[in-house]
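So the structure is just underneath, and the comments pick up after that.
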Amino acid sequence: MKVHNLLMQDMVITDLNSQQRGDALKEMVDFLKRKNKISKGRELYGKLLRREELGSTAIGGGVAIPHCKMKGVNSPIVLLAVSRQGVEFHSLDGKPCYILFLVISSPENPSLNLQILAAIAHLVRKSNSLKKKILEAKSISSLLDVIRKEEEKLNE
């Protein structure tokens, strides 16, 4: 599974404004609602907050992968949000997150959810320059290109 195949051009926030975890999650949920990707924004926001209460989805290195399962989601939703100032996401390393991959999937297909999370985590952990290159990208297409090229490098 390739992360760059999951991310669509219209599913990228290039400048997330929020600096606190709850606000950032709300901003991403509102974005999905405006794009008509979800209908139950309040329910999704609640599920994401409850998941964070179990343990932060910040994986260190300035990256978080907030995620949940939600009924009515037929195909997985993957949103990439980039924060220039950083979001306090209660990460284990105590550092802010600059790159957030939001993943919403169907409870009927838990293995697909795990595959998506694993693909993102693998890319983030194995690519030493991913965060820097994403933060330097000047457009959505160049940002998505960075992810594609970094994934291709990992598979060489």
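The values are calculated or read from the model by the stated rules, or taken from the named source; none is laboratory data. Values in this document were obtained by computation on a predicted structure and should not be read as measured data. Cβ coordinates were reconstructed from backbone atoms using ideal geometry, including for glycine residues, and neighbour counts include every protein chain displayed.
At least 2 residues being closer than 25 Å to Ser142 by Cβ and either among the hydroxyl-bearing types (Ser, Thr, Tyr) or in contact (Cβ under 8 Å) with a residue 40 or more places away in the chain (or both) is the threshold, and among the strands (runs of 3 or more DSSP E) wholly inside the stretch 8-91 those reaching it are 77-87. For the stretch 72-89, the set of residues classified as at pLDDT 90 or above and not small (Gly, Ala, Ser) consists of Pro76, Ile77, Val78, Leu79, Leu80, Val82, Arg84, Gln85, Val87, Glu88, Phe89, listed by residue number. You will find that of Gly61, Gly46, the residue that is out of contact with any strand residue (DSSP E or B) (no Cβ under 8 Å at 6 or more places or on another chain) and either aromatic (Phe, Trp, Tyr) or at pLDDT below 95 (or both) is Gly61 and no other. Can you find even one residue in the stretch 46-61 that is surrounded by fewer than 20 Cβ atoms within 10 Å (Cβ to Cβ), in contact with a helix residue (DSSP H, G or I) (Cβ under 7 Å, 6 or more places away or on another chain) and on the phi > 0 side of the Ramachandran plot? The answer is yes, given that some residue of the stretch 46-61 is surrounded by fewer than 20 Cβ atoms within 10 Å (Cβ to Cβ), in contact with a helix residue (DSSP H, G or I) (Cβ under 7 Å, 6 or more places away or on another chain) and on the phi > 0 side of the Ramachandran plot. None of Ser91, Ser127, Ser105 is of a type in the set (S, T, N, Q) and under 20 Å from Asp10 (Cα atoms) except Ser105. Given the conditions (1) out of contact with any strand residue (DSSP E or B) (no Cβ under 9 Å at 6 or more places or on another chain); (2) within 21 Å of Glu108 (Cβ to Cβ), which single one is not true for Leu79? Only one criterion is unmet by Leu79, namely (1). Taking residues in the stretch 103-117 that are in contact (Cβ under 8 Å) with a residue 60 or more places away in the chain and within 20 Å of Tyr45 (Cα to Cα), and partners anywhere that are surrounded by 15 or more Cβ atoms within 10 Å (Cβ to Cβ) and among the aromatic types (Phe, Trp, Tyr), not one pair has Cβ atoms closer than 8 Å while being at least 6 places apart or on different chains. Anything in the stretch 30-68 that is among the charged types (D, E, K, R) and within 26 Å of Lys126 (Cβ to Cβ)? List them, or say none. Hits for the stretch 30-68 are Arg51, Glu52. Of all residues in the stretch 9-21, none satisfies being surrounded by 13 or more Cβ atoms within 10 Å (Cβ to Cβ), small (Gly, Ala, Ser) and farther than 19 Å from Ile134 by Cα. Working only within the stretch 82-100, note down all residues that are in contact with a strand residue (DSSP E or B) (Cβ under 7 Å, 6 or more places away or on another chain) and within 14 Å of Ile134 (Cα to Cα). Result: Val82, Ser83, Gly86, Cys97, Tyr98, Ile99, Leu100. Total residues in the stretch 84-97 satisfying the condition of being closer than 19 Å to Ala118 by Cα and surrounded by 17 or more Cβ atoms within 10 Å (Cβ to Cβ): the figure is 2.
Any idea which of Leu123, Leu144, Leu135, Leu114 is under 17 Å from His67 (Cβ atoms), under 17 Å from the mean Cα position of the chain (by Cα) and surrounded by 14 or more Cβ atoms within 10 Å (Cβ to Cβ)?
Only one candidate qualifies: Leu123.
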